[in-house]
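Only the coordinates and a few stated rules stand behind these numbers; no lab work does. All values derive from a computational prediction rather than experimental measurement. Backbone-built Cβ (ideal geometry, glycine too); neighbour counts: all protein chains shown.
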Amino acid sequence: MKVDTAEFIRSAHGSGDYLRDGRPEIAFAGRSNVGKSSLLNRLLGRKSLARTSSTPGRTQAVNYFLVNRRFYFVDLPGYGYAKAGKEARREWAARVEGYFREEPPEAMVLLVDGKVGATPLDVQAYQYLSGLGAAIVVAATKIDQLPRGRWVQAVRGVREVLGLQETIPVIPVSARSGEGIKELWGVLSSRLAAR
Ligand code: GTP
Ligand code: MG
């Protein structure tokens, strides 16, 4: 996909804030610090359109980016960072679940750390997300941290732990090296074309 324009549109903090203008949305979900904002930037070829940080919990709102004036990338706050207190966790759940409930996206990218593999929280998230009816693609992120010879095994592990249906692709990606970005765009483009 050639990205001609990519603009930050808005941050939504709760019910009533979510955008609805008929354009399709692709949402990025995953554990805090797994690399959602970085992957989104890499896909768009913009270094720091979405804020990233080595400190988990950087993205706190639901952030909308309009791509080629045609569809949205939606950057979501990550789930499950250790330091988050009960209150913060409740807020996360309210925000993200509110978004999904009020405005389920056309497609979802679920990010799982390629090196760490899928955690119990990822399994929970996958089960929750797959119940929403959005087409899911799984990205095994930070794959630059694993030697190429272990990618197949890593992908298989993610498939098994999440219990993925065969129709759901798992793509090894790296926002750092650019690995897998073309492949991921391929899947996302066809999902956009299919609607
Ligand atoms: P929250 O907004 O807190 O939910 O995090 P996030 O999922 O948006 O993660 P973010 O993109 O902010 O990246 C978290 C950290 O991981 C940063 O230090 C990034 O530099 C690093 N990171 C992101 N993608 C990659 C990657 O592909 N490879 C490597 N090695 N590091 C990465
Ligand atoms: Mg983020």
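Points worth noting:
- In region 2-10, the count of residues that are within 16 Å of ligand 2 (Cβ to nearest atom), within 25 Å of K182 (Cα to Cα) and in a loop (DSSP other than H, G, I, E, B) is zero.
- Screening the candidates L19, L76, L39, L49 for the property of being more than 8 Å from ligand 1 (Cβ to nearest atom) and under 22 Å from K142 (Cβ atoms) yields one hit, L49.
- Where D122 falls short, out of the listed (1) over 17 Å from L39 (Cβ atoms); (2) in a helix (DSSP H, G or I): (1)
- Residues being loosely packed, with under 12 Cβ neighbours inside 10 Å, over 19 Å from V123 (Cβ atoms) and among the β-branched types (V, I, T) are entirely absent from region 135-144.
- Within the set A118, A139, A125, A154, the sole residue that is away from ligand 2 (no atom under 16 Å from the Cβ), among the small types (G, A, S) and under 17 Å from the mean Cα position of the chain (by Cα) turns out to be A118.
- Scanning region 157-182 for residues that are without any contact (Cβ under 8 Å) to a residue 24 or more places away in the chain and closer than 14 Å to L44 by Cα yields a single hit, K182.
- Close Cβ contacts (under 8 Å, 6 or more residues apart or on different chains) running from residues in region 4-20 that are among the polar types (S, T, N, Q) to residues that are in a strand (DSSP E or B) comprise T5/L66; T5/V67; S11/V62; S11/N63; S11/Y64.
- Between P24, P77, P104, the distinction of being crowded, with 18+ Cβ neighbours inside 10 Å and touching a residue at least 24 places away in the same chain (Cβ under 8 Å) belongs to P77 only.
- Residue among S38, S54 that is within 21 Å of D122 (Cβ to Cβ) and more than 16 Å from the chain's Cα centre (by Cα): S54
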